[in-house]
């Protein structure tokens, strides 16, 4: 059984209300301290978000989101000029400001459903665009989402949005099935069982399962911060399905896993 050698994308939420670490890194000093820890643990990408996308999270205004993320990006770029930075946003102006400060990846959880100009922007800056599947919005996505065939419906969405992005000239596209974004427990499990199907889209695949509620349900762990061990154990199985990038809170555990894979592959 062969594993693809994957990249680690570390999550840095500079928000007061993210589901797992809301409020932990709103202070610039604490945010940079977290980046230092990620770099020590061989993170490849730091994904910075200034608006929570947890279920029922309130939306954040443009000025507030800029105030949260841009100083952090500026400071990271000064300290770590070669570190790859991703901006987790659905707003054109936030993405543009982040790219102007040195980010090279736009992580759009709406998958271009909110603003197709993000594709124009990615093409203009030759940035990577992450297209994720989300059914609904963070405010309503968990209000009884239904699918006839979740795997095929998510596949068709990602295929359509990939072609849309390419029509704007985007050359570097990654895809994400959007675990936990408008999906019930069974939907998440069905997608995870079939991740290899999405390799047919010929785009690097991002896996974002870290600390998510389906893990809490599977193992009866209410506190998201106590789900890191289970998160890495699931990765040890799912990484056989051709995953290219793992997006996680605890980069240390995934760094250990990658070292083991490198040793035994």
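The values are calculated or read from the model by the stated rules, or taken from the named source; none is laboratory data. Treat the numbers as computed from the prediction; the structure is a model and nothing was measured. Neighbour counts run over all protein chains shown; Cβ positions are idealised from the backbone, glycine included.
Of all residues in the stretch 169-199, those satisfying the criterion of being assigned to a loop (DSSP other than H, G, I, E, B) and farther than 14 Å from residue 128 by Cβ are 177, 178, 179, 180, 181, 182, 183, 184, 194.
Applying the set (1) surrounded by fewer than 17 Cβ atoms within 10 Å (Cβ to Cβ); (2) modelled with pLDDT of 95 or more; (3) under 25 Å from residue 174 (Cβ atoms) to residue 72 leaves exactly one unmet item: (1). Any residue that is in a helix (DSSP H, G or I) and buried (at least 23 other Cβ atoms within 10 Å of the Cβ) - is there at least one of those in the stretch 41-62? No.
Every residue in the stretch 72-92 that is assigned to a helix (DSSP H, G or I) and touching a helix residue (DSSP H, G or I) at 6+ places or on another chain (Cβ under 6 Å), please. Selection gives 72, 73, 75, 76, 92. For the stretch 39-53, taking the residues that are out of contact with any helix residue (DSSP H, G or I) (no Cβ under 9 Å at 6 or more places or on another chain) and at pLDDT below 95, the one that is farthest from residue 180 (Cα to Cα) is identified as 52. Quick one: is residue 84 within 22 Å of residue 122 (Cα to Cα), surrounded by fewer than 18 Cβ atoms within 10 Å (Cβ to Cβ), within 18 Å of the chain's Cα centre (by Cα) and at pLDDT 95 or above? So residue 84 fits the description; yes. Given the structure, is residue 125 surrounded by fewer than 19 Cβ atoms within 10 Å (Cβ to Cβ), in contact with a strand residue (DSSP E or B) (Cβ under 9 Å, 6 or more places away or on another chain) and under 15 Å from residue 53 (Cα atoms)? Judged against the criteria, residue 125 is not a match. Any idea which residue in the stretch 200-216 is farthest from residue 11 (Cα to Cα), counting only those that are in a helix (DSSP H, G or I) and more than 17 Å from the chain's Cα centre (by Cα)? Selected residue: 200. None of 190, 126 is modelled with pLDDT of 95 or more and closer than 18 Å to residue 208 by Cβ except 190.
Here residue 190 fulfils each of the conditions (1) in contact with a strand residue (DSSP E or B) (Cβ under 9 Å, 6 or more places away or on another chain); (2) more than 18 Å from residue 7 (Cα to Cα); (3) touching a residue at least 40 places away in the same chain (Cβ under 8 Å) apart from (1).
Here residue 67 fulfils each of the conditions (1) in a helix (DSSP H, G or I); (2) closer than 24 Å to residue 133 by Cα apart from (2). Among the residues of the stretch 95-112, those that are in contact (Cβ under 8 Å) with a residue 24 or more places away in the chain and either surrounded by fewer than 24 Cβ atoms within 10 Å (Cβ to Cβ) or assigned to a loop (DSSP other than H, G, I, E, B) (or both) comprise 96, 97, 99, 101, 102, 103, 104, 109, 110, 111, 112.
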